[in-house]
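Asker: Before I ask anything, here is the structure I am working with.
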Amino acid sequence: MLSKFRFLQFSATLFSSASSRQIATFSAKFRPQMEMGSATNNNGKLVFRQLFEKDSSTYTYLLADASHPDKPALLVDPVDKTVDRDLSLVKELGLKLMYAINTHVHADHVTGTGLLKSKAPGVKSIISKASKAKADLFVEPGDRICFGDLFLEVRATPGHTLGCVTYVTEDGPDQPQPRMAFTGDALLIRGCGRTDFQGGSSEQLYNVCSKQIFTLPKDTLVYPAHDYKGFSVSTVGEEMMYNPRLTKDEETFKNIMANLNLSYPKMIDIAVPANMVCGLQDVESKAS
Ligand SMILES: [Fe+2]
């Protein structure tokens, strides 16, 4: 099972190997039961929070392994405006933030990864290699991002942008059940990301949703990067049944996407250049 993954060994302070493809936080030698007064699932192992940024209707997700003594944590799709809120929560929950990861180069808000790196030294930014954006670590399909004993698998889901990925919790007895898919803007609740800029392709999006997301167990929880109608979570089965775009055949889907007549994103000229370099606040780039 593990052989299909490439490994990149990584610790809080040191890259141990650039040739392996598992991104790991801490060794798994010591796993005491922990007490934390916060909502967890998976027998208390996973700490999970869904956070919201209202101006861009962006969801940021905080995940951590509460069973590990260091409580390693990561943030998916942080926003620059809410970095202080996110860091306060990390502190209050007693977590150690290891990674700030993006599902893609966003066009509607500036990522918080650069700010997080400057305010919480040691945090590493992660984005897909296909995005061609700047980050500390680049992931490719099949890679695993490890935090404690929990893992996110990287699935390529281009179509909204060329470099979009979906991060999926792994299948396994010690992993969260049901599984969770952080779909970015590829699959939204009852919708999907637009495909008319940043290397987007409706054909590609249709195919990756079919092959990379709708092949997951139907009870897999779908957590998108945005919602504009007040939804917070869906499931793969629900979207296969009720998504008004992706339940159509491919030609109908392509027609829908070609005729959305969406306006030019108001933040795109600021957000995309900033997000290509970790939100411009990357301390290392300023120093160099
Ligand atoms: Fe996007």
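The values are calculated or read from the model by the stated rules, or taken from the named source; none is laboratory data. Being a predicted model, the structure only gives us computed values, none of them experimental. Cβ: placed from backbone, ideal geometry, glycine included. Neighbour counts: every protein chain shown.
Asker: Within the group LYS218, LYS229, LYS211, which residue is charged (D, E, K, R) and touching a residue at least 24 places away in the same chain (Cβ under 8 Å)?
Answerer: LYS229
Asker: Which condition does SER125 not pass, out of (1) in a strand (DSSP E or B); (2) out of contact with any helix residue (DSSP H, G or I) (no Cβ under 9 Å at 6 or more places or on another chain); (3) of a type in the set (Ser, Thr, Tyr), if it passes all the others?
Answerer: SER125 satisfies all of (1) in a strand (DSSP E or B); (2) out of contact with any helix residue (DSSP H, G or I) (no Cβ under 9 Å at 6 or more places or on another chain); (3) of a type in the set (Ser, Thr, Tyr) except (2).
Asker: Of these, LEU95, LEU137, which one is modelled with pLDDT of 95 or more and surrounded by 23 or more Cβ atoms within 10 Å (Cβ to Cβ)?
Answerer: So the residue among LEU95, LEU137 that is modelled with pLDDT of 95 or more and surrounded by 23 or more Cβ atoms within 10 Å (Cβ to Cβ) is LEU95.
Asker: Just checking, which of PRO121, PRO141, PRO178 is farther than 24 Å from LEU216 by Cβ and more than 15 Å from the ligand (Cβ to nearest atom)?
Answerer: That would be PRO121, the only listed residue that is farther than 24 Å from LEU216 by Cβ and more than 15 Å from the ligand (Cβ to nearest atom).
Asker: Within the range 241-253, is even one residue within 16 Å of the ligand (Cβ to nearest atom) and aliphatic (A, V, I, L, M)?
Answerer: No.
Asker: Still on this structure: Take the residues of the range 71-117 that are within 23 Å of THR169 (Cα to Cα) and acidic (Asp, Glu): which is nearest to the ligand (Cβ to nearest atom)?
Answerer: That would be ASP77.
Asker: For the subset of the range 150-164 comprising residues that are part of a loop (DSSP other than H, G, I, E, B) and closer than 21 Å to SER232 by Cβ, which member is nearest to the ligand (Cβ to nearest atom)?
Answerer: Restricting to residues being part of a loop (DSSP other than H, G, I, E, B) and closer than 21 Å to SER232 by Cβ, the top hit is HIS160.
Asker: If you don't mind, another one. Residues to consider are LYS129, LYS117, LYS124; find the one that is modelled with pLDDT of 95 or more and surrounded by fewer than 18 Cβ atoms within 10 Å (Cβ to Cβ).
Answerer: None of the others qualify; the one that does is LYS129.
Asker: Ok, one more. Cβ-Cβ below 6 Å, separation at least six or inter-chain, first residue in the range 83-108 and more than 30 Å from PRO265 (Cβ to Cβ), second of a type in the set (Gly, Ala, Ser) and more than 16 Å from the ligand (Cβ to nearest atom): which pairs?
Answerer: LEU93/SER38; LEU95/ALA64; LEU95/ALA73
Asker: Taking the range 242-256 as the region of interest, how many residues are within 24 Å of the chain's Cα centre (by Cα) and of a type outside the set (Ser, Thr, Tyr)?
Answerer: Within the range 242-256, residues that are within 24 Å of the chain's Cα centre (by Cα) and of a type outside the set (Ser, Thr, Tyr) number 4.
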